[in-house]
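For reference, the structure is listed below as C-alpha cells.
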Amino acid sequence: MAVRVIEVAEFDLVVFGASGDLAHRKLLPALYHRDADGQMPDNARIIASARRDYSDDDYRDYARKALKEHVSDLDDAHLEKFLKRIRYVKIDIGTGEGFEDLKTILEEREDVIRAFYLAVGPDLFGTICENLGKIGVVNSHSRVVMEKPIGKDGASAKALNATVGAVFNEDQIFRIDHYLGKETVQNLMALRFANALFEPLWNAAHIDHVQITVAESLGTGGRAGYYDTAGALRDMVQNHILQLLCLVAMEPPESMNADSVRDEKLKVLKALAPIGEHNADKLTVRGQYRAGASAGGAVPGYLQELGNDESRTETFVALKAEIANWRWAGVPFYLRTGKRLAQRVSEIVVQFRPIPHSIFDEEAGAITANRLIIRLQPDEGVQMKVMIKDPGPGGMRLRQVPLDMSFADAFKVRNPDAYERLIMDVIRGNQTLFMRRDEVDAAWAWIDPIQAAWAASKETPKGYTAGTWGPSASIALVERDGRTWAEDELV
C-alpha cells in the first residue's frame, strides 16, 4: 500500500542539545526518514547546537554514526544528501555564548519557518527562550518544541509556561508527548469516530472498565539520578498516561481542529475525581523494584542502581481513576506504569460488560465478555475478542477468539516513528497532538494532591521483584472490585 507524502514548507529547524541521547536515537533518524520519503523541501536546513567544539563536518560525522546505528534501511547516497542539510553552531546556554552566531545563520533566510527544538533538560527551557527573544530571531513564523516534563508540579509548570510564553505566543508552543504521535493512538480516534460500531457502545452502559498499561522491562540505568527527582507518577502518569486516558474518554470533538480536540481532552482532566490524603491509600499503589531477573540475567534493584538506600521514589504506580460525568459514571479506569516489569508493552484494554442473558446451555461453555485491545508498542495493532462457535460437529461449543489487525501485516509499509509525524506537524503548525497550556495545568491539578498525600504518608514504596508485574498490592487494587489485570494479553 502506497503512503501519500505531502511536502512541508521551507524551514530551519534548530535543535538544542543536538549531541544528546534524544537527538542521537530519535530526532536524527526521524528527520532522515522524512527526508528519504520526500517530505522535506530541497532547501530545508537542520541547525544543530550543543556545547561541543564541532565544525559542520564534525557534527555531520557524528550524525552519520548515529544514523548508521539507528536506521536499518539506510541508503548511503541519500544519507550524504541529508547530511548536507546540517549546519552546526556551538552554544553555551548558561553563558549565552554562541546565540549571536545562531542569529547570523538564521538571518541568512528571513521568510521561512523557524522551529526551535529544546532537546535539553527542562531547567534550560526558559533560559533558551529568553536568549532567543533577546537576539530577535522569534517572528510570526517561529515555533518552539518543549519535551516533557513540563515542570515538576503545578507551580513550577506555571512558572515555566509563563517564561516561555513571554517570548512565544501559545499557538507557537508545541509541548510534545511522543505517545500521541504513535499510529495506534491516532487510530483510537479513528475507531471511535469513523465507525458506527463503537461510539454508541462507548459509555457506562456497555463498558465495564478500562485498563491502561505502560510497562518497561528496563531499569533506570544511567538516568537514575534524574529519575530519583521525578518518579513514575511525574515521569509517566502526568503526561503519557493521562493523555491516553483523555483520548479514550473524551466526547466527540466538533472537528479534528486542534482546539476542538484539546477542549474535549481538557474536560476529561477536569472531570477526574480527586485523589488526595483522604483516599490515596485506597486508590493508589506505589512500588520500587528490588533485585531480580530480566532479559535472561540478574539485575540490581533500584536502590543499588541509585546508590542510595534512603530513596522513597516510586518506580511503579497503579491508580484507580474515575471520571465524574454522565458517560463514564461508575466505570473505573485502572492505570499502571513501571520499570523492570515482566515485559515492555503499552496498551489500552477496553473491557465490555457481559451479555445480559445467555441462550446457550452449560455444555456450550462459559461466555466471556468482549474486549477491545489497542496495542501501542511493540507490534502496534488493534484486537477485538469475540465469542464464536468452535468448528466441528457435536453441538454448540463456544470459545473466545481474536479479530486481530497488526499494522505491520495489514499495511506492509514501514511504520513511521512518532517523532517523524510530530516534527512535521510542528513545521505545519498543527497542534492537534500537542498539549495546550491549560491541559498541563489541569493534569498537574490532579497529580499534585496524590504526590502530596504520598509525601505526608510514612509508608515507603512497596517492593517488587524485577521481572514481575509489580507489587501484590496492585493486584489487590483491581481484584477487590471483582476484576483482574489483563495480563493474559501481555504476552
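Does at least one position in region 25-42 carry a residue that is aromatic (Phe, Trp, Tyr) and part of a strand (DSSP E or B)?
Step one: of region 25-42, the residues aromatic (Phe, Trp, Tyr) are 32.
Now drop any that are not part of a strand (DSSP E or B), which leaves none.
No, that holds for no residue.
Please verify whether region 226-242 includes one or more residues that are open to solvent by 30 Å² or more (accessible area, probe 1.4 Å), part of a helix (DSSP H, G or I) and not aromatic (Phe, Trp, Tyr). Among the residues of region 226-242, at least one is open to solvent by 30 Å² or more (accessible area, probe 1.4 Å), part of a helix (DSSP H, G or I) and not aromatic (Phe, Trp, Tyr), which makes the answer yes.
The residues of region 99-123 that are small (Gly, Ala, Ser) and over 27 Å from ALA9 (Cβ atoms) amount to a single one, GLY121.
What's the total number of residues in region 132-144 that are in a helix (DSSP H, G or I) and surrounded by fewer than 19 Cβ atoms within 10 Å (Cβ to Cβ)? Steps first, please.
Residues of region 132-144 in a helix (DSSP H, G or I): 132-135.
Checking the rest, the ones that are also surrounded by fewer than 19 Cβ atoms within 10 Å (Cβ to Cβ) come to 133-135.
The qualifying residues number 3.
Screening ALA63 with (1) in a helix (DSSP H, G or I); (2) more than 27 Å from PHE125 (Cα to Cα) gives one miss only, at (2).
Is it the case that some residue within region 154-170 is outside any helix (DSSP H, G or I) and among the β-branched types (Val, Ile, Thr)?
So the first thing to find is which residues in region 154-170 are outside any helix (DSSP H, G or I), and the list is 166-169.
Among the residues that remain, those that are also among the β-branched types (Val, Ile, Thr) are: 167.
Yes, there is a match, as at least one residue in region 154-170 is outside any helix (DSSP H, G or I) and among the β-branched types (Val, Ile, Thr).
Only a single criterion out of (1) aliphatic (A, V, I, L, M); (2) over 25 Å from the mean Cα position of the chain (by Cα); (3) outside any helix (DSSP H, G or I) is not satisfied by ILE275, namely (2). Scanning region 70-83 for any residue that is under 21 Å from ALA23 (Cα atoms), touching a strand residue (DSSP E or B) at 6+ places or on another chain (Cβ under 7 Å), open to solvent by less than 90 Å² (accessible area, probe 1.4 Å) and part of a loop (DSSP other than H, G, I, E, B) turns up nothing. The numbered conditions (1) farther than 15 Å from GLY338 by Cα; (2) of a type in the set (Ser, Thr, Tyr); (3) open to solvent by less than 20 Å² (accessible area, probe 1.4 Å) are all true for THR213 except (1). Within region 293-344, the set of residues being assigned to a loop (DSSP other than H, G, I, E, B), within 24 Å of HIS240 (Cβ to Cβ) and touching a helix residue (DSSP H, G or I) at 6+ places or on another chain (Cβ under 7 Å) comprises SER311, THR313, GLU314, THR315, ALA324, ASN325, TRP328.
Among the residues of region 299-343, those identified as open to solvent by less than 10 Å² (accessible area, probe 1.4 Å) and small (Gly, Ala, Ser) are GLY301, ALA318, ALA321, GLY338.
If you go through region 344-380 and keep only what is open to solvent by 80 Å² or more (accessible area, probe 1.4 Å) and under 21 Å from ILE475 (Cα atoms), you end up with ARG344, ARG353. Strands (runs of 3 or more DSSP E) fully within region 372-486 that include at least 2 residues being at pLDDT below 85: 381-389, 398-406.
The values are calculated or read from the model by the stated rules, or taken from the named source; none is laboratory data. Being a predicted model, the structure only gives us computed values, none of them experimental. Note that each Cβ is placed from the backbone with ideal geometry, even for glycine, and that neighbours are counted across all protein chains shown. To get the accessible areas, we keep the full protein, side chains included, count just its heavy atoms, and leave off ligands, DNA and RNA. Shrake-Rupley method; radii C 1.70, N 1.55, O 1.52, S 1.80 Å.
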